[in-house]
Amino acid sequence: MLDETTTPLPSRRHAAPAPADSSGRAPSPRTNVWLTRLLVVGLVLAAVNLRPAITSLGALLEDVRAGLHMSGGVAGVLTSVPALCFAVFGVTAPRLARRFGPATVVCAGMVAITAGLLIRPFTDGTAAFLAASALALMGIAVGNVLMPVIVKRYFPDRVGTMTGLYSMSLSAGTAVAAAATVPMTSALGGSWRLGLGLWAVVAAVAVLPWAALLVRDRKDAASRTTAGPDAGHRPRPEPAPAPAVAAAPRITRSRTAWALGCFFGLQATGAYITMGWMPQIFRDAGVSAGTAGLLLAVTMVMGVPLAFVIPRLATRMRNQGPIVVALGACGLTGYAGLFLAPAAGAWVWAVLLGVSNCAFPLALTMIGMRARTGAGIVKLSAFAQSTGYLISIPGPLLVGVLYESSGGWELPITLMGGLMVPQIILGVVAGRDRVIEDEA
């Protein structure tokens, strides 16, 4: 299960295969079960913490603006910072993973999230608040990139199941943070600082399983060192690294990598537009504010069960194009409904757009399937997500500009629906049965 040799890896330092103990014996099955459970818990807790830093702030943005005397322009910039940080800091993940090992970097990322979420509620100025937010987002960025790597490394025979599990956990963390932050803040006396700071506790819990894994790895390394070679025998040399690890593919030469990066960017654009503007669309159509919030919650909750089902289905198919087309068709239908009858069919459109947004776990699954080696997955994950998040930055801002300039939602919704067409085309290309090593 945890044998490192199942997939060539970019770093051997912190792998968690089942090593022999100091007597040369393999670990017991109970030890393997314990390690597997610890990895699953760590994966789920890390995924849960990859979005609350963003959605909890969105829920309390007005209070934060008032408390820090933040201008509307700065608040607008703040909403674009996550995608920018994901793109910029995500690029560093491959180098860090090669140097320290992916498990170590994920653990450090959880520590960064904890520190950022703990510091930022108690800052006194906008600059310090942005800096603390950037620290948390840096940890999220490396977690975004390395989650597919962790899955491929430790669960090579269950990529779909484990990708579905952490995608579902990510969706659940996103929805819970959006829905629970305001009630928790009210229960704490209305202090937005305490309401934001509580999420640091959740992030701190996610550090524990990864720290335990690293401690165990170091103990194993120490026991192997002190045991030494058997008397009368020459020391056994370390196995040579696999050639595929030593020479990772040049990612920019792969058409599949570019298609996957653009597909990731367009689905992220649609998700951010939906989360940022859909309630306003419904409210302008005559839907009450409370109902508009519930409609957004329905859209977000759709990602919880489907994020578990879609990756498992995708890994059983050689070509993921049909899933891309099905999700795109839901998105096109949902946007057409918003254009023609936003209030009359509001619940149907919310469900369809929630299904369409499940292109995110599909994209994560394809990252794990479109590379043969560990080094290739690290590079592909960093490239696709960094490229994708850069592409997604102008989308929500452009929708706002079109809404203000046109005075209605016809033009913005047309843009949203129009973006689904290239998303479908690029997703079909990215879903073909090929790997980047063969193209690069």
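The values are calculated or read from the model by the stated rules, or taken from the named source; none is laboratory data. From a predicted model like this one, the values you see are computed outputs, not experimental measurements. Methodologically, a virtual Cβ is constructed for each residue, glycine included, from the backbone with ideal geometry; neighbour enumeration extends over all protein chains shown. Protein only, heavy atoms only, side chains kept; ligands, DNA and RNA dropped before computing areas. Shrake-Rupley method; radii C 1.70, N 1.55, O 1.52, S 1.80 Å.
Which residues, taken from the stretch 252-284, are at pLDDT 90 or above and either within 17 Å of residue 176 (Cα to Cα) or open to solvent by 60 Å² or more (accessible area, probe 1.4 Å) (or both)?
If the condition is that a residue be at pLDDT 90 or above and either within 17 Å of residue 176 (Cα to Cα) or open to solvent by 60 Å² or more (accessible area, probe 1.4 Å) (or both), then 255, 258 are the ones that fit.
With the condition kept exactly as written, say whether any residue in the stretch 408-418 is in contact with a Lys or Arg (Cβ under 9 Å, 6 or more places away or on another chain) and of a type in the set (D, E, K, R).
no
Take the conditions assigned to a loop (DSSP other than H, G, I, E, B), under 30 Å from residue 407 (Cβ atoms) and at pLDDT 70 or above and apply them to residue 287. Does it pass?
yes
What is the number of the single condition among (1) among the aromatic types (Phe, Trp, Tyr); (2) closer than 16 Å to residue 263 by Cα; (3) in contact with an Asp or Glu (Cβ under 9 Å, 6 or more places away or on another chain) that residue 383 does not meet?
(3)
Being open to solvent by less than 60 Å² (accessible area, probe 1.4 Å) and either under 13 Å from residue 61 (Cα atoms) or of a type outside the set (Phe, Trp, Tyr) (or both) is the filter here; which residues of the stretch 194-204 pass it?
Residues satisfying the conditions are 195, 196, 197, 200, 202, 203, 204.
Given (1) farther than 25 Å from residue 390 by Cβ; (2) at pLDDT below 85; (3) in a helix (DSSP H, G or I); (4) small (Gly, Ala, Ser), where does residue 42 come up short, assuming only one miss?
Condition (2) is where residue 42 drops out.
Return yes or no: is residue 118 closer than 21 Å to residue 209 by Cα, modelled with pLDDT of 90 or more, touching a helix residue (DSSP H, G or I) at 6+ places or on another chain (Cβ under 6 Å) and surrounded by fewer than 22 Cβ atoms within 10 Å (Cβ to Cβ)?
Criteria met by residue 118.
Answer with yes or no whether residue 365 is part of a helix (DSSP H, G or I), touching a residue at least 12 places away in the same chain (Cβ under 8 Å), open to solvent by 10 Å² or more (accessible area, probe 1.4 Å) and hydroxyl-bearing (Ser, Thr, Tyr).
When the stated conditions are applied, residue 365 does not pass them.
Quick grid of which residues meet (1) of a type in the set (A, V, I, L, M, F, W, C); (2) under 24 Å from the mean Cα position of the chain (by Cα); (3) modelled with pLDDT of 90 or more:
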residue: 340; (1), (2), (3): yes, no, yes
residue: 343; (1), (2), (3): yes, no, yes
residue: 368; (1), (2), (3): no, yes, no
residue: 376; (1), (2), (3): no, yes, no
residue: 387; (1), (2), (3): no, yes, yes
residue: 397; (1), (2), (3): yes, yes, no
residue: 402; (1), (2), (3): yes, no, no
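Got a sec? Which of 313, 295 is in contact with a helix residue (DSSP H, G or I) (Cβ under 8 Å, 6 or more places away or on another chain) and either modelled with pLDDT under 85 or crowded, with 18+ Cβ neighbours inside 10 Å (or both)?
295
Quick check on my filter: what residues within the stretch 369-420 are crowded, with 23+ Cβ neighbours inside 10 Å and assigned to a loop (DSSP other than H, G, I, E, B)?
Answer for the stretch 369-420, where residues must be crowded, with 23+ Cβ neighbours inside 10 Å and assigned to a loop (DSSP other than H, G, I, E, B): 370, 371, 373.
For the stretch 410-428, give me each residue that is within 22 Å of the chain's Cα centre (by Cα), aliphatic (A, V, I, L, M) and within 13 Å of residue 321 (Cα to Cα).
424, 426, 428
Out of everything in the stretch 148-170 that is within 17 Å of residue 48 (Cβ to Cβ) and open to solvent by 20 Å² or more (accessible area, probe 1.4 Å), what residue ends up being farthest from the chain's Cα centre (by Cα)?
165
Being at pLDDT 65 or above, among the small types (Gly, Ala, Ser) and out of contact with any Leu (no Cβ under 8 Å at 6 or more places or on another chain), is that true of even one residue in the stretch 207-221?
Yes, because at least one residue in the stretch 207-221 is at pLDDT 65 or above, among the small types (Gly, Ala, Ser) and out of contact with any Leu (no Cβ under 8 Å at 6 or more places or on another chain).
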